[in-house]
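The structure appears right after this line, and notes come after that.
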Amino acid sequence: MLTVTKAAREQLTGILSTVDAPENSAVRLVLSSKGFKLEVGRVEQDDETFSHDGNVVLVLDKEVSQMLSDKKLAVQGTQERKRLTLV
């Protein structure tokens with residue numbers, strides 16, 4: 001299972017508030033032709049979910065979840081410029 005640090009969960013919460021996402025939305029980590037990217041979307045049945053302060057902030061479909069089972073989503077960078085990173 002992907003490990004998501006507390007700092008990453010906080011960063012995801014910030015992303016959702018910045019984009020003014022509709023209620024019940026979460027950040028979805030998806031596979032694209034250039035690697036992984038983040039999209040805002042709805043929670044689908046069978047998604048793996050990650051919560052922060054009682055709200056789902058990240059979702060993965062089964063394929064992405066299996067691909068990232070040994071990875072960690074963390075935050076790197078400076079206080080002014082933080083970014084999510086898979087390690």
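Here, each number is a calculation from the coordinates, and none is a lab measurement. Here the structure is a predicted model, which is why all the values come from computation and not from measurement. When we count neighbours, we look across all protein chains shown, and the Cβ atoms used for this are built from the backbone with ideal geometry, even at glycine.
Just a few scattered comments:
- Label-reachable residues, segment 58-85, where backbone N falls under 20 Å from a point 7 Å from Val19's Cα toward its Cβ: 58-65, 68, 73-76, 81-85
- Neighbour net charge for Glu48 - beta-carbon separation under 10 angstrom, K R +1, D E -1: -2
- Within the listed set Leu12, Leu38, Leu60, the Gaussian network model of the chain (springs between alpha-carbon atoms below 10 Å) gives the highest mean-square fluctuation for Leu38.
- Considering only Ser33, Ser25, Ser69, the Gaussian network model of the chain with Cα springs below 10 Å gives its largest mean-square fluctuation to Ser33.
- Relative exposure of Lys34, Lys71, judged by other C-beta atoms within 10 Å (fewest first): Lys34, Lys71
- Summarising the label geometry, the points placed 7 Å from Cα in the beta-carbon direction at Glu39 and Ser51 lie 2.5 nm from one another.
- In this Cβ point-charge picture (+1 for Lys and Arg, -1 for Asp and Glu), the chain has a dipole of about 460 debye about its Cα centre.
- Here the residues Met1, Met67, ranked from fewest to most Cβ neighbours within 10 Å of their Cβ, fall in the order Met1, Met67.
- Amide H contacts of His52: Val57, each under 5 Å away and 5 or more positions distant or on a separate chain (H built 1.01 Å from N in the peptide plane; Pro and chain starts excluded).
- Extension gain from Thr85 to Met1, taking 0.36 nm per residue of separation minus the Cα-Cα distance: 28.6 nm
- Footprinting exposure proxy for Asp70, Asp61 (fewest neighbouring C-beta atoms within 10 Å first): Asp70, Asp61
- Equivalent ellipsoid semi-axes, the chain, via Cα gyration tensor eigenvalues times 5, rooted, Å: 18, 17, 12
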